[in-house]
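Accompanying notes for the structure given below.
The values are calculated or read from the model by the stated rules, or taken from the named source; none is laboratory data. The structure displayed is predicted, hence computed values, not measured ones. When we count neighbours, we look across all protein chains shown, and the Cβ atoms used for this are built from the backbone with ideal geometry, even at glycine. With ligands, DNA and RNA removed, areas are computed over all heavy atoms of the protein, side chains included. Shrake-Rupley method; radii C 1.70, N 1.55, O 1.52, S 1.80 Å.
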Amino acid sequence: MRDCRFTRFARLTRTQNAAVDLDGVGAEVSGNLFTDAIGYAVYLRGNDHVFRRNEVARLIYGLSDTGAIYAGRDFTARGSVIEDNYIHDIRPAPGMEVKGVYLDDMASGFTIRRNLFVGVQRPVFIGGGNDNSVTRNVFVSSSPAILLDSRGLTWMKPSLTEADSEFRAAFAAVPLDSEPWRMRYPRLAEALSDEPGVARNNQILDNLVIDGETLELYEKADPGRQILLFNTRLEGPAPEPGDLGALARFAADRGAPLGLDPATLRRDGLPESPFTPAPR
């Protein structure tokens, strides 16, 4: 799916409703604009999808505990890539909380790279998963940039240990010992027998954070079980939201170039105006 505009969707069903649902294997969503709706841009199920070069803005206002880009509750749904997107102005209604990229309930094996987050409440949230890669992203006025918990050691532990749980049933339904599963994900077959509740081997590398904090860990998440290297933090105040040229100059003047081309990030036709929820 390429070069489409999605706006003011999720008007009848206002929760758990995405502009695009991806399932199966190897789908691509690129070059699209997702804006001004209460739903989220994409729900990623299945494996090896690509969400690339999209602009995602002013979504999920009025919801809580959700993300503009969402995946979760399937330990086997690995291999998808979220890259080169411009994600901005993802903010909650009063008393609520939202995320930019939400890897919910043990979502694992995702790659999140070279994205620009501007004005996002919780840009990247890893909810207990492992083997996720968060690299070369830029976070502006979006703090903390990355949140990580180890919920498999706390409230989600029964889902991993009880034989009849929904989570284990979904895991058992996949032929993990057969090809191409074993070749593509060689460690997955043992994932529920090898410290399944521990969030580990999440790679947080070479990210740039402007006007915010880099990482927050809670619910028994252990920084020693992750790979945390070469992340850079610059003090604000950041340039005005939406002025990507000024943002690039701001970073370059401080010896930390964005590594992104602002001219390629915006999609056509997005107005600069505050979010207005779609009428019921």
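One table, with the values for the structure above:
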item: Accessible area per residue in Å² at 1.4 Å probe, computed on the chain; result: 44
item: Dipole moment magnitude, nearest 20 debye, the chain about Cα centre, only Lys, Arg, Asp, Glu C-beta charged; result: 420
item: Percentage relative contact order, the chain, counting C-alpha pairs under 8 Å, at least six apart; result: 15
item: 10 Å Cβ shell holding at most 11 others, DSSP loop, GluC sites (Glu not before Pro): longest site-free stretch of the chain; result: 1-161
item: 19 Å reach of a label modelled at D177, 7 Å along Cα-to-Cβ, counting backbone N of region 63-78; result: 76
item: Rounded tilt (10° steps) of 244-253 against the dominant C-alpha axis of the chain; result: 80
item: Largest to smallest accessible area among V50, V29 [probe 1.4 Å]; result: V50, V29
item: Neighbour cut-off at most 15 other Cβ (10 Å), DSSP loop, trypsin sites (Lys or Arg not before Pro), region 136-233; result: R187, K220
item: DSSP-assigned coil residues among chymotrypsin sites (Phe, Trp or Tyr not before Pro) in region 147-248, each with at most 11 further Cβ atoms within 10 Å; result: W155, F230
item: Qualifying trypsin sites (Lys or Arg not before Pro) for region 1-103 [loop in DSSP, other Cβ within 10 Å: at most 13]; result: none
item: ³J(HN,Hα), Karplus 6.51/-1.76/1.60, whole Hz, each residue of region 187-198, x for Gly, Pro; result: 9, 5, 4, 9, 4, 8, 10, 10, 6, x, x, 8
item: Separation of the R254 and R45 label points, Cα + 7 Å toward Cβ, nm; result: 4.2
item: Amide H contacts of V20 (H built 1.01 Å from N, under 5 Å, at least 5 apart or other chain); result: V42, Y43
item: Share of carbon and sulfur in the accessible heavy-atom surface of region 181-271 [1.4 Å probe, %]; result: 51
item: Region 1-156, relative contact order [Cα under 8 Å, separation at least 6], %; result: 17
